[in-house]
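What follows is a short report on a single structure.
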Amino acid sequence: MLDQPAAPRRVLVTGGAGYIGSHVLHALTDAGIPAVTIDNLSTGRRAAVPESVPLVEGDVGSADLLDRVIRAHDVDAVMHFAGSIVVPESVEKPLAYYRNNTVSSLTLLDACARFGIDKVVFSSTAAVYGATDRVPIDEDTPTAPINPYGASKLMTERMLRDAEPAHGLRSVILRYFNVAGADPAGRTGQATPTATHLIKVACQALLGRRPALSIFGTDYPTPDGTCIRDYIHVSDLAEAHVLALLHLRGGGESLTLNCGYGRGASVLEVVRTLEAVSGETVPATFADRRPGDPPQLVAGADRIRERLGWVPKHDRLDEIVRNALAWERSLPG
Ligand code: UDP
């Protein structure tokens, strides 16, 4: 009798019902890569998870739950999205951030070590760089987070690096710049109504679902006085995760990579682009600077292209805001 070909092993995606995790689940599904997700649905939505992906409702900080899922689904790799992501909240509740981000990551990495799972793709953040003046910010910029959110993520980066020699655990650490937009096919998007991110808030204001957008600070040392950020389309980011997984499955070495385009846009450019694609006016008022906002954050973004062969497909600001607006319109008002 001929042997049956072995079923492909699954990647465990934590936080797959959330904004970025759900885009990655769709990208994995599109690529024919089997996945399973754990999400406690605290901010995520069941509907964001593709139908073909098993969703286990629960907390990634539970070692028992992790053991059960890893055993049941023949997991060989992990992508870790679950966590808390709001910077001002991290200042108010630092211990909650260390628990949800750092301690839960420790529980997850411990499970990886116990089960011999040796591949992790980790969602980190440009917040690990803190208030740097470097433009662009490459991966060799010293890390110096200025809030508990950035510190909680940097601690997990450190655990990953220490776990490699001890447990053979290889990782791709992805440091996100400003993630925005939505799946061009409309399957998922940013669904948290209270999200504070510029493009989300501007779309809500345009649709009359919020009062006017406040433009935080007009006296920054930038060409138009408003802050500059490197906005990356969430579908390009999702593709980078798939490539990172394939890199690790192919035996590739551990990497730390910025995720951005290496190009910045100001708050006013974002607002004007949204007005141009919609033909409508964004109600906006000028406001004081928001504490803690650096004038300019742009990724040094060469390494991810070189090391993963990543070629962004959606790297136009007008596409990012068009997809974000279409998604926002599709949500119940
Ligand atoms: N911003 C703004 N109004 C808002 C939200 C954001 O002017 O309602 C500005 C913010 O000051 C920053 C940029 O938009 O300069 C991006 O902010 P966001 O919160 O989206 O991301 P961050 O860079 O803080 O991670």
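What the table below lists for this structure:
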quantity	calculated
Residue among Gly333, Gly279, Gly292 that alone is within 11 Å of the ligand (Cβ to nearest atom), over 21 Å from Ile20 (Cβ atoms) and loosely packed, with under 15 Cβ neighbours inside 10 Å	Gly292
Checking Ala195 against (1) within 13 Å of the ligand (Cβ to nearest atom); (2) at pLDDT 95 or above; (3) in a loop (DSSP other than H, G, I, E, B), the condition it does not meet	(2)
Subset tally (residues that are part of a helix (DSSP H, G or I) and in contact with a Pro (Cβ under 6 Å, 6 or more places away or on another chain)) for segment 199-248	2
Test: residue in segment 233-256 that is in contact (Cβ under 8 Å) with a residue 60 or more places away in the chain, surrounded by 18 or more Cβ atoms within 10 Å (Cβ to Cβ) and within 10 Å of the ligand (Cβ to nearest atom)	no
Conditions (1) surrounded by fewer than 16 Cβ atoms within 10 Å (Cβ to Cβ); (2) assigned to a loop (DSSP other than H, G, I, E, B); (3) hydrophobic (A, V, I, L, M, F, W, C): number failed by Ala166	(2)
Single condition Phe286 does not satisfy, out of (1) surrounded by fewer than 16 Cβ atoms within 10 Å (Cβ to Cβ); (2) away from the ligand (no atom under 16 Å from the Cβ)	(2)
Hey, Ser22 modelled with pLDDT of 95 or more and hydroxyl-bearing (Ser, Thr, Tyr) or not	yes
Inter-residue pairs, beta-carbon under 6 Å, first within 21 Å of Ala238 (Cβ to Cβ) and in segment 151-179, second surrounded by fewer than 19 Cβ atoms within 10 Å (Cβ to Cβ) and of a type in the set (Ser, Thr, Tyr), 6+ apart	Arg170/Ser254; Ser171/Ser254
Among (1) farther than 26 Å from Arg272 by Cβ; (2) within 13 Å of the ligand (Cβ to nearest atom); (3) in contact with a strand residue (DSSP E or B) (Cβ under 7 Å, 6 or more places away or on another chain), the one test that Ser171 misses	(2)
Options Ile320, Ile304: the member that is in contact with a Gly (Cβ under 6 Å, 6 or more places away or on another chain) and among the hydrophobic types (A, V, I, L, M, F, W, C)	Ile320
Residue in segment 225-232 that is within 15 Å of the ligand (Cβ to nearest atom), surrounded by 16 or more Cβ atoms within 10 Å (Cβ to Cβ) and of a type in the set (Asp, Glu) present	yes
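Per-residue answers, yes or no, for (1) under 30 Å from Gly333 (Cα atoms); (2) in a loop (DSSP other than H, G, I, E, B); (3) among the basic types (Lys, Arg); (4) more than 16 Å from the ligand (Cβ to nearest atom):
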| position | (1), (2), (3), (4) |
| --- | --- |
| Thr107 | no, no, no, yes |
| Phe122 | no, no, no, yes |
| Ala127 | no, no, no, no |
| Pro142 | no, yes, no, yes |
| Thr156 | no, no, no, yes |
| Arg175 | no, no, yes, no |
| Ala182 | yes, yes, no, no |
| Gly189 | yes, yes, no, no |
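The values are calculated or read from the model by the stated rules, or taken from the named source; none is laboratory data. Here the structure is a predicted model, which is why all the values come from computation and not from measurement. Note that we place each Cβ from the backbone using ideal geometry, even for glycine, and neighbour counts take in every protein chain shown.
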